[in-house]
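Input: a single structure, listed below in structure tokens.
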Amino acid sequence: MTAAFIYPLTGLIEKTFVITEFELRKLRHDFTELITRALQPALWLLIFGQVFSRSGAMHTGNLPYLDFIAPGILAQSVLFVAIFYGINVIWERDLGIVQKFLASPTPRAALVLGKGFSAGIRTLSQAGIVYSLSLLLGVKLNWSPLALLNVLIIVVLAATLFSTFSLVIACIVKTRERFMGVGQVLTMPLFFASNAIYPTDIMPSWLKTISHLNPLTYVVDALRTFMLAGSTSTFGLGHDYAVILLTTTILVFIGARLYPRLAS
Amino acid sequence: MTDIVLEIKALTRRFGAFTAVDALTLSVNAGEVFGLLGSNGAGKTTTIKMLTTLLPPSSGEARVAGFSITTQAVGVRRAIGYVPQAVSVDGSLTGYENLLIFAKLYDLPHREQQARIREALEFMGLTADGGRLVGQYSGGMVRRLEIAQSTLHRPRVLFLDEPTVGLDPIARDAVWKHLVELRANYGTTLFFTTHYLEEAESQCDRIAIMHLGKVAALGTCQELEASLGGGGHTLSEVFVHYAGSALDSGGTFRDVSAERATAQRLG
């Protein structure tokens with residue numbers, strides 16, 4: 001009985017990494033994307049961050065405002081990159097690539113999770129950009145190796161979460177035009193209904209409730225705790241990790257169910 | 001008795017009120033080259049999608065290499081290869097990488113992977129181009145790579161949906177030369193759809209002409225031509241007789257634009 005249970009699981013993990021490996025191989029010829037993606041977090045930190053920091057309008061407790069939003073902007077850029085990942089799947093469907101993978105014996109969950117992980121690894125460059133900008137702006141960062149490792153893990157997990165969400169949307173809408181529309185509609189509410197650029201304490205209560213249902217809030221909380229020197233978690237790191245992992249698992253499950261719809 | 005590798009019984013697929021495939025019954029022998037003809041919208045692609053487990057049937061059943069498409073989908077997937085009508089290799093990977101990923105996904109033994117890939121590239125006349133990005137390949141090379149990719153695991157049945165659409169006559173001949181060798185070397189059964197009647201005539205052991213989701217005619221090319229009576233009929237006349245005039249043919253906007261896009265990419 002254990003063997004019957006373990007084989008599908010090792011097969012799933014192995015195939016997930018095969019998919020991830022080949023998604024990453026495609027990156028070699030795609031370096032312009034890494035550079036253009038650096039622009040948005042730079043604008044948010046250098047312009048929005050600096051201006052609001054001077055105005056003193058935001059009460060962020062014992063953290064200077066720039067320190068407060070640096071992890072929020074990292075989370076935001078991960079979200080913005082990951083949320084449009086599903087467009088690739090629609091593109092691969094318009095070619096015949098999705099169909100060919102679905103006609104192979106690869107577990108559906110491996111197809112979905114493999115793509116999610118590769119999106120996760122691709123967004124690691126955003127961490128490099130936000131750390132460089134933070135250093136430039138004098139944000140007090142936590143350089144302990146354990147904290148850095150946790151930041152990397154959370155960035156990969158968060159990108160996996162939101163790119164899988166994106167893939168689920170792609171499986172439902174199926175066309176590029178509708179996908180872009182839905183993507184635009186979702187990103188800003190997810191961003192604003194979170195603790196990325198202001199604390200949830202200053203939100204009206206309805207928004208605060210929504211923000212507590214938003215996985216991005218827990219991503220930001222975990223990143224803020226690990227990235228900054230002398231910051232403490234609002235919800236508890238165990239709670240943050242649990243929300244992120246559970247949401248990702250549910251989304252991979254839904255994605256694996258919906259992915260075959262792309263072929264029909 | 002010949003070995004039956006594909007057995008279709010009353011296979012039906014409805015989309016809302018529209019019946020795309022209507023109680024299709026058919027069997028194909030191992031090692032046969034079987035051509036499925038019909039106008040756009042006759043149900044050819046829907047049939048292939050059901051046989052490759054991409055689309056569940058509304059009713060009916062089919063067994064591919066002994067596995068049921070409804071209850072043993074993974075068994076079917078291991079036993080078949082599939083070349084969709086649209087381009088199904090990745091332009092941002094090299095030819096070699098496109099093959100390597102499928103070698104891994106189909107669990108080819110690690111020791112054999114390199115040898116099989118080398119053999120597949122050589123077999124399809126792509127040895128010199130394995131290290132190039134597929135985005136730079138010609139249409140005929142793309143199709144040959146797709147066939148190499150979907151036969152790496154030596155499937156018993158290879159499904160091809162319009163394998164030569166958009167190819168010039170020379171590239172088309174090259175694709176068929178390799179397909180014929182594939183059957184000769186490995187006994188692979190070829191099940192394909194096409195709009196090119198001369199291709200069906202020269203390559204198929206048997207032909208089925210589909211019309212409105214049903215098999216309108218089935219047999220060898222000679223049998224079909226004789227079925228009209230009077231002698232001296234061409235396959236083209238047979239086609240018009242069974243599949244109706246091409247002018248009233250179906251096919252949605254999406255089908256037609258997808259087909260043109262494929263032709264444009266390969267051509």
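Only the coordinates and a few stated rules stand behind these numbers; no lab work does. These numbers were taken from a predicted model, which means no experiment stands behind them. Cβ atoms come from the backbone with ideal geometry, glycine included; neighbour counts cover every protein chain shown.
Here are the numbers for the structure shown:
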{"item": "Number of partner chain Cβ atoms within 10 Å, mean per residue of B:45-54", "result": "3"}
{"item": "Most positive-pole-ward Cα, A:S166, A:V156, A:N214, against dipole of the stretch A:154-246 from beta carbon charges", "result": "A:S166"}
{"item": "Per-residue mean of C-beta atoms belonging to partner chains within 10 Å, peptide B:80-93", "result": "6"}
{"item": "Given charges at beta-carbon only (K, R positive; D, E negative), |dipole| of the protein assembly as shown in Debye", "result": "1240"}
{"item": "Members of B:K9/B:K214; A:K115/B:K44; B:K177/B:K214; A:K174/B:K214; A:K100/B:K44 lying beyond 22 Å, as alpha-carbon distances in this model show", "result": "A:K115/B:K44; B:K177/B:K214; A:K174/B:K214"}
{"item": "Amide H contacts of B:S88 (H built 1.01 Å from N, under 5 Å, at least 5 apart or other chain)", "result": "A:G96"}
{"item": "Highest to lowest packing among B:27-35, B:187-195, B:8-16, scored as the average C-beta count within 10 Å", "result": "B:187-195, B:27-35, B:8-16"}
{"item": "Phi-based couplings in Hz for the stretch A:111-127 (Karplus 6.51, -1.76, 1.60; Gly and Pro marked x)", "result": "4, 6, 5, x, 5, x, 4, 5, 4, x, 5, 4, 7, 4, 4, 5, 5"}
{"item": "Spatial separation of Cα centroids for the stretch A:64-121 and the stretch A:128-191, in angstrom", "result": "10"}
{"item": "Charge dipole (debye, nearest 20) of the stretch B:1-75; +1 at Cβ of Lys and Arg, -1 at Cβ of Asp and Glu", "result": "260"}
{"item": "Alpha-carbon centroid distance for the pair the stretch B:1-75 / the stretch A:218-264, whole angstrom", "result": "42"}
{"item": "Charge dipole magnitude, Cβ of K and R +1, D and E -1 - chain A, Cα centre, debye nearest 20", "result": "520"}
{"item": "Amide H contacts of B:L160 (H built 1.01 Å from N, under 5 Å, at least 5 apart or other chain)", "result": "B:V83, B:F191, B:F192, B:T193"}
{"item": "Dipole of chain A, positive direction: furthest Cα of A:F117, A:A57, A:T200, with charges on the beta-carbon", "result": "A:F117"}
{"item": "Exposure proxy order (Cβ contacts within 10 Å, fewest to most) of A:V252, B:V74", "result": "B:V74, A:V252"}
{"item": "FRET E, pair B:K177, A:M180, Förster distance 25 Å, beta-carbon r, rounded to 0.05", "result": "0.05"}
{"item": "Rg over Rh, two decimals, the protein assembly as shown (C-alpha only, Kirkwood Rh)", "result": "1.06"}
{"item": "For the stretch B:76-102 versus the stretch B:131-147, the gap between their alpha-carbon centres in whole angstrom", "result": "11"}
